[in-house]
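Here is the structure we will look at.
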Amino acid sequence: MTFHSLVEADSASPRLPTPDMPVHDARTLTGREGSTALIVLDDKTYTLRITRAGKLILTK
């Protein structure tokens, strides 16, 4: 995967991956034909959804 950024790093900008940071492709997480994945953190389950516009939404 290759990441490019022309934006200065600040708290509002997306972080670029570092060698020790895991990188996951959202389409891999949701499956070949899927647009939704469940993500579990401790005892809570979240839904990751890819919209038709190609945006990500994470909901509890």
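The values are calculated or read from the model by the stated rules, or taken from the named source; none is laboratory data. Bear in mind the structure is a predicted one, so any value in this text is a computation, not a measurement. Backbone-built Cβ (ideal geometry, glycine too); neighbour counts: all protein chains shown. For accessibility, only protein heavy atoms count, side chains too; no ligands or nucleic acids. Shrake-Rupley method; radii C 1.70, N 1.55, O 1.52, S 1.80 Å.
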_Simple label model, 7 Å out from Cα along Cβ direction - GLU33 to ILE57, nm_ = 2.3
_I want the local charge near THR47. Using Cβ-Cβ distances under 15 Å, sum +1 for each Lys or Arg and -1 for each Asp or Glu among the other residues._
+4
*Can you send over the solvent-accessible area of THR18, 1.4 Å probe, protein chains only, in Å² to the nearest 10?*
60
*What FRET efficiency comes out for the pair MET21/THR45, r = Cβ-Cβ distance, R0 = 30 Å, nearest 0.05?*
0.80
*Solvent-accessible surface (1.4 angstrom probe) belonging to LEU16, in square angstrom, nearest 10*: 90
